[in-house]
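Trainee: One structure is given below, represented as structure tokens, and several questions about it will come after.
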Amino acid sequence: ASNDELFHTKPETVQFTADWIDDSKPLLVEPGMHRFVWDLRAALSQSMHPPHYPRAGALVVPGSYTVKLTVNGDTKTQPLVIKMDPRIHVSESALQKQFALASQLNARNGEVAAAIQQANELKTQIATRTANAAGNTRLLEWMTALQKEIDAEVEGEEGGGFELLSLPNKDLEPLHRTTDALNSLAAIVESADVAPTEDAMTAAAQWEDAATKALARWQELLRQRLSQLNEQLRKEHLELLNPH
């Protein structure tokens with residue numbers, strides 16, 4: 001949509017020169033001819049931004065689609081047919097399985113990415129509240145403790161890192177390692193025009209389970225520990241923490 005809130009990469013946050021940054025451009029609304037190019041991929045969750053994540057979601061399968069353009073309440077449609085590359089000989093069922101698994105991984109990754117965004121926002125807010133609570137030893141101890149718990153859930157004791165097609169190596173995988181795994185697995189699943197392999201299916205199932213557990217732990221941290229700290233902030237008449 002022309003009023004979408006687009007993500008803009010900050011050059012200082014990437015490990016390459018700014019000319020490699022290719023953020024999405026807004027759709028123009030001025031009269032005249034405009035071009036929008038679809039890369040034949042489904043949309044990603046808004047919580048997943050480049051450069052850490054791919055620009056878009058799973059490649060759609062061949063079939064009939066509809067292009068819909070709505071301007072000032074007036075909608076026009078046009079049929080669109082995506083055809084199989086004649087050089088590729090693979091069943092539609094195989095591509096459907098590939099699309100389904102890649103979409104499933106991307107959807108779960110969007111949830112994990114949203115949790116990481118919440119964690120980053122909380123860490124920024126904690127830093128501000130810490131400065132405002134100077135001299136309040138008890139409150140500073142509470143905020144330091146919560147900061148450590150957030151770091152443990154996001155980064156873990158050993159930081160991130162993920163080897164292709166590796167399995168979760170412990171019951172408590174941190175959020176960053178989980179999102180690295182889901183991201184890499186989605187790329188593996190789409191690396192060729194074939195149905196997902198047994199290894200990819202096994203890894204996906206186990207990392208889905210790891211993501212479910214990581215997200216449950218994160219929600220429990222917000223429900224209990226964050227609520228406790230906010231109660232202390234309320235008593236000190238300080239602004240509460242809000243992960244959005």
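Trainee: In whole angstrom, how far apart do the alpha carbon centroids of the range 2-32 and the range 61-95 sit?
Mentor: Here the two parts' Cα centres lie 26 Å apart.
Trainee: Can you give me the accessible area per residue for the chain, using a 1.4 Å probe, in Å²?
Mentor: Working: 15620 Å² over 244 residues.
So the chain comes to 64 Å² accessible per residue, rounded to a whole number.
Trainee: Pop a pseudo-label 7 angstrom from the Cα along the beta-carbon direction at both Leu172 and Phe7 and give the gap in nm to one decimal.
Mentor: Between Leu172 and Phe7, the simple spin-label model gives 2.8 nm.
Trainee: Okay, moving on. Express the Stokes-Einstein translational diffusion coefficient of the range 193-244 in µm² s⁻¹, to the nearest whole number, given a Kirkwood radius over alpha-carbon pairs, 10 °C and a viscosity of 1.306 mPa s.
Mentor: Values: Rh = 13.9 Å.
D = 114 µm²/s.
Trainee: Also, I was wondering about something else. As a test of the formula, what do you get for the chain when each DSSP H run with n ≥ 4 contributes -39,500 (n - 2.57) and the sum is divided by the residue count, at 222 nm and rounded to the nearest 500 deg cm²/dmol? Don't skip to the end; give the middle numbers.
Mentor: Working: 5 runs with 107 residues, N = 244.
Helix contribution divided over all residues of the chain: -15000 deg cm²/dmol.
Trainee: What Kirkwood hydrodynamic radius, in Å, does the chain give when the mean of 1/r is taken over all pairs of distinct Cα atoms and then inverted?
Mentor: By the Kirkwood definition, the hydrodynamic radius is 21.0 Å.
Trainee: Now for a separate question. Once phi is turned into θ = phi - 60°, what whole-Hz ³J(HN,Hα) does the Karplus curve with 6.51, -1.76 and 1.60 give for every residue of the range 187-197, x standing for Gly and Pro?
Mentor: Coupling constants for the range 187-197: 5, 5, 4, 9, 6, 8, 7, 9, 5, x, 6 Hz.
Trainee: Let me ask something else about it. Set the Förster distance to 35 Å, then compute FRET efficiency between Gln117 and Val81 from the Cβ-Cβ distance, nearest 0.05. Mind showing how you got there, number by number?
Mentor: Working: r = 38 Å, r/R0 = 1.07.
Using R0 = 35 Å, I get an efficiency of 0.40.
Trainee: For Tyr65, enumerate residues with amide H under 5 Å from its amide H, sequence gap 5+ or separate chain, H modeled in the peptide plane.
Mentor: Result for Tyr65 returns Leu80, Val81, Ile82.
Trainee: Further, regarding this structure: Tell me the accessible surface of Ile88 in square angstrom (1.4 angstrom probe, heavy atoms of protein chains only), to the nearest ten.
Mentor: Only protein atoms counted, so the area is about 50 Å².
Trainee: Ok, one more. Quick one: pull the percentage of alpha-carbon pairs in the range 1-115 with a separation above 17 Å. Show your work: numbers first, answer last.
Mentor: On the way: 4484 of 6555 pairs.
So the portion of pairs separated by more than 17 Å is 68 percent.
Trainee: Counting only chymotrypsin sites (Phe, Trp or Tyr not before Pro) that are in a DSSP loop and have at most 15 other C-beta atoms within 10 Å, tell me the longest site-free stretch of the chain. Don't skip to the end; give the middle numbers.
Mentor: Details: sites that count: Phe7, Phe16, Phe36, Trp38.
For chymotrypsin sites (Phe, Trp or Tyr not before Pro) (loop position, at most 15 other Cβ atoms within 10 Å), the longest site-free span of the chain is 39-244.
Trainee: Would you list Arg41, Arg129 from the most to the least accessible area, probe 1.4 Å?
Mentor: Values: Arg41 70, Arg129 15 Å².
Per-residue accessible area, sorted high to low, gives Arg41, Arg129.
The values are calculated or read from the model by the stated rules, or taken from the named source; none is laboratory data. Because the structure is a prediction, the values reported are computed rather than measured. Positions of Cβ are backbone-derived with ideal geometry, glycine not excepted, and every protein chain shown enters the neighbour counts. To get the accessible areas, we keep the full protein, side chains included, count just its heavy atoms, and leave off ligands, DNA and RNA. Shrake-Rupley method; radii C 1.70, N 1.55, O 1.52, S 1.80 Å.
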